[in-house]
1. Suppose every Lys and Arg Cβ carries +1 and every Asp and Glu Cβ carries -1, with no other charges. What dipole size does the chain come out with about its Cα centre, to the nearest 20 debye?
2. If you build a Gaussian network model of the chain, linking Cα atoms that sit under 10 Å apart, which residue out of 165, 56, 109 swings the most?
3. What is the angle, in °, between the Cα long axis of helix 3-17 and the longest principal axis of the Cα atoms in the chain? Nearest 10 is fine, range 0 to 90.
4. Quote the FRET efficiency, to the nearest 0.05, computed for residue 109 versus residue 42 with a Förster distance R0 of 22 Å and r equal to the Cβ-Cβ distance.
5. Once you have the Cα-Cα distance between residue 236 and residue 8, take 0.36 nm times their residue separation minus that, and quote the gain in nm to one decimal.
6. Between residue 19 and residue 218, take the C-beta separation as r, use R0 = 35 Å, and let me know the FRET efficiency to the nearest 0.05.
7. So what's the angle, to the nearest 10 degrees on a 0 to 90 scale, between helix 84-95 and the longest Cα principal axis of the chain?
8. Hey, what's the per residue convex hull volume over the C-alpha atoms of the chain, in cubic angstrom?
Amino acid sequence: MSHVSNRRALFGLHAQIITCRACPRLVAWREAAAAAAPRRFQGQPYWARPLPGFGDPDARIVIVGLAPAAHGGNRTGRMFTGDQSGDFLFAALHRAGLANQPSSETRNDGLTLTNVYITAAVRCAPPANRPTTAEREACFPWLATELDLLAGKRVLLALGRIAFDTCRRYLRERNAAPSLTPAHGWRFAHGAAYSTTLTDDPTNPLPLWLVASYHPSQQNTFTGRLTPAMFDAVLQTAKNLASKRALPGPA
């Protein structure tokens, strides 16, 4: 598929995603959240639909989160936009030179991402931020197709364990061969990085890395489990790996 065709297919996929009503519990929750907005958001229109990914279609770094927040992305219509997790994420992306501004309040606020695309394992806001296994299964094809269309990807940066497990499943189903597996295996750990190749030609390996980070949830950032310095280091790792042209050879 050509570069232009990929972009058209990606935008076509987005149009399909926002019409999805496959999970009755999530449909009811996202719409109930919009109908019972907290005082600070009363009177504002809510998106209250599934969210597609957004960012640079040619990105080498794809950030995969868990799901939209009920009064964040479910309100604004864009991943991580208008909530405190997004405040943390976009400030870090700006420090890393990957975003043109350090915050994002609405989907039309001029935010531009460079070499980064943001998406999620689940497209609707789930109750208590906990999608069920069935809901994750229903959403997986959206993510898998989106990742397939992001032909320039070199790093999947998974925010949290669910996103990590979902990315690992994607790699397994796409026959990605592990080429650099630490002794502890492909397990979630903040800052861990695992490499694969998505080509059958060993003379021309196409590197694709899976990098793990704690999710920038309020629970993690307010308690200090994830600090700005920790996340800056993960983003620097992602940037370094995204620039690699080949996987390391045998030791």
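1. Details: 28 positive and 16 negative charges, 54 e Å.
The calculation lands at about 260 debye.
2. Per the Cα network of the chain with a 10 Å cutoff, 109 tops the list.
3. 40
4. On the way: r = 20 Å, r/R0 = 0.93.
For residue 109 and residue 42, the calculated efficiency is 0.60.
5. Values: separation 228, 0.36 × 228 = 82.08 nm, distance 3.05 nm.
That pair, residue 236 and residue 8, stretches by 79.0 nm at full extension.
6. Values: r = 31 Å, r/R0 = 0.88.
With a Förster radius of 35 Å, E is 0.70.
7. The answer is roughly 40 degrees.
8. Numbers: hull volume 32.1 nm³, N = 251.
Taking only Cα atoms, the chain has a hull volume of 128 Å³ per residue.
No value in this document is a laboratory result; all are computed from the given coordinates. Worth saying up front: this structure is predicted, and the values here are computed from it rather than measured. Quick reminder, even Gly has a Cβ in these numbers, built from the backbone with ideal geometry, and neighbours come from all protein chains shown.
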